[in-house]
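The values are calculated or read from the model by the stated rules, or taken from the named source; none is laboratory data. Every value quoted in this text rests on a predicted model; they were computed, and no experiment measured them. Positions of Cβ are backbone-derived with ideal geometry, glycine not excepted, and every protein chain shown enters the neighbour counts. For the accessible areas, the whole protein counts, side chains as well, though only heavy atoms, and no ligand, DNA or RNA atoms are used. Shrake-Rupley method; radii C 1.70, N 1.55, O 1.52, S 1.80 Å.
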Amino acid sequence: MTPRLDWRVSKVVDVRDETPRARTLVLEVPEWPGHRAGQHVDIRLVAEDGYQAQRSYSIASAPENPSVELTIERLAEGEVSPYLSDVLRPGDGLEVRGPIGGYFVWSTAQAGPLLLVAGGSGIVPLMAMLRHRTRADETRRAETPTRLLYSARTWDDVIYKEELKQLGADAEVHLTLTRDAPADWNGFRRRVDRAMLQEVGWPASELPNVYVCGPTPFTESVATLLVELGHAPAMVRTERFGPTG
Amino acid sequence: MRLDGNAAGGMLRDLFTLDATTADATCAGCGGVRPIGALPAYASDMGIILRCPSCDVAILRVARTPGRLRVDFSGVSFLTIPE
């Protein structure tokens, strides 16, 4: 049983710039019941005239972390994201409810290889999974060998760069830059395709748990390719997001 | 905007005490069984429509109007929700 989902006023305790367009909000949510890696929260903004705007944002922090971290990518035309990414400051309040969702979640209790495929800010819920795994003991980590394939437009758009670099010791991290890459870039330079998934992913015969998150067209194309490569549709969990701003 | 059933999680928690995104929904149109979280969804500010990816039936429609939550479940013939 899960308790009724009420709106709570969280407090912004810190903000961190991740990229020129993405910022992490660290929230303290009163009576936060804890979350699972991959879950999201709803955010509600209410204007003085009563007009409300509501959005969903994935949780980036590990379940082991008592605060709730959201990484917001600013969409220029957006109604909510510019407020969250430019205006909110430590000490401000923000209405949230959650955690929400149980389909797109992973825990180290799910033994077996793990493949994470991110498009753009689709990295956020997958980062919660990676952070969760990092905090597990050595046995659990050995039971869940992990590979991440992360597609971003440019090097500047890559979120959590430093942390991903450190993860490299314990999980395989592969980046692909689709629009523009630094001159000395030795990663992939194209959209995720069948050959890339074959090269980077686990063979379907190893029955990996697969999580794909990104914009709808990205997520659907990757999921289709994975099923063509022999992965059971039920093993390929997807979360699509759109530019709600 | 096209998303998936995960995006309906918050609204569905207004209806169910359990998390419905993990629930298996049987499509009233074709009998296909899929988790709510995996269904294609069309979302707007007002609400969300979940569709069957096989036969395109509207499995579930939820809309919020002032003071009312409106729900059409006619596209679901059976729902199994894990406790």
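State whether one or more residues within the range A:50-68 are more than 27 Å from B:ALA23 (Cα to Cα) and of a type in the set (D, E, K, R).
No; the residues of the range A:50-68 include none that is more than 27 Å from B:ALA23 (Cα to Cα) and of a type in the set (D, E, K, R).
Which one of the conditions (1) part of a loop (DSSP other than H, G, I, E, B); (2) open to solvent by less than 10 Å² (accessible area, probe 1.4 Å) does A:PRO182 fail to meet, given that it meets all the rest?
Here A:PRO182 meets the rest and fails (2).
Mind checking which residues of the range B:27-45 are within 11 Å of another protein chain (Cβ to nearest Cβ) and part of a loop (DSSP other than H, G, I, E, B)?
If the condition is that a residue be within 11 Å of another protein chain (Cβ to nearest Cβ) and part of a loop (DSSP other than H, G, I, E, B), then B:LEU39, B:SER44, B:ASP45 are the ones that fit.
Regarding the range B:8-22, can at least one residue be identified that is touching an Asp or Glu at 6+ places or on another chain (Cβ under 8 Å), part of a strand (DSSP E or B) and under 17 Å from A:THR238 (Cβ atoms)?
Checked the range B:8-22: no residue is touching an Asp or Glu at 6+ places or on another chain (Cβ under 8 Å), part of a strand (DSSP E or B) and under 17 Å from A:THR238 (Cβ atoms).
Could you identify the single residue in B:ASP24, B:ASP19 that is more than 8 Å from chain A (Cβ to nearest Cβ), at pLDDT 90 or above and either touching a His at 6+ places or on another chain (Cβ under 9 Å) or closer than 14 Å to A:TYR103 by Cβ (or both)? Show your work before the answer.
Values: B:ASP19 fails: more than 8 Å from chain A (Cβ to nearest Cβ).
Exactly one of B:ASP24, B:ASP19 is more than 8 Å from chain A (Cβ to nearest Cβ), at pLDDT 90 or above and either touching a His at 6+ places or on another chain (Cβ under 9 Å) or closer than 14 Å to A:TYR103 by Cβ (or both), namely B:ASP24.
Starting from the range A:81-110, keep only residues that are polar (S, T, N, Q), then list their pairs with residues that are in a loop (DSSP other than H, G, I, E, B) and open to solvent by less than 10 Å² (accessible area, probe 1.4 Å) whose Cβ atoms are within a distance under 7 Å, requiring at least 6 positions of separation or different chains.
Cβ pairs passing all conditions: A:SER81/A:GLY245; A:SER107/A:ALA37; A:THR108/A:THR144.
Keeping to the range A:86-106, report how many residues are of a type outside the set (A, V, I, L, M, F, W, C) and touching a His at 6+ places or on another chain (Cβ under 7 Å).
3
Can you name the residue in the range A:46-79 that is in contact with a Leu (Cβ under 6 Å, 6 or more places away or on another chain) and surrounded by 18 or more Cβ atoms within 10 Å (Cβ to Cβ) and, of all such residues, is nearest to the other protein chains (Cβ to nearest Cβ)?
Selected residue: A:TYR57.
Which number in (1) in contact with a helix residue (DSSP H, G or I) (Cβ under 6 Å, 6 or more places away or on another chain); (2) away from chain B (no Cβ under 14 Å); (3) assigned to a helix (DSSP H, G or I) marks the one condition that A:VAL173 misses?
Failing condition for A:VAL173: (3).
Take the range A:191-244 and flag every residue that is within 12 Å of chain B (Cβ to nearest Cβ) and among the basic types (Lys, Arg).
Hits for the range A:191-244 are A:ARG237, A:ARG240.
Taking the residues in the range A:104-154 that are part of a strand (DSSP E or B) and among the β-branched types (Val, Ile, Thr) as candidates, determine which candidate is surrounded by the fewest Cβ atoms within 10 Å (Cβ to Cβ). Explain how you work it out, then say what you get.
To start, the set of residues in the range A:104-154 that are part of a strand (DSSP E or B) comprises A:114-119, A:146-154.
Adding the requirement that they be among the β-branched types (Val, Ile, Thr) leaves A:117, A:146, A:154.
Working: A:VAL117: 31, A:THR146: 22, A:THR154: 14.
The extreme case among them is A:THR154.
Please indicate, with yes or no, whether at least one residue in the range A:212-221 is at pLDDT 95 or above and more than 20 Å from B:ARG2 (Cα to Cα).
Looking through the range A:212-221, none of the residues is at pLDDT 95 or above and more than 20 Å from B:ARG2 (Cα to Cα).
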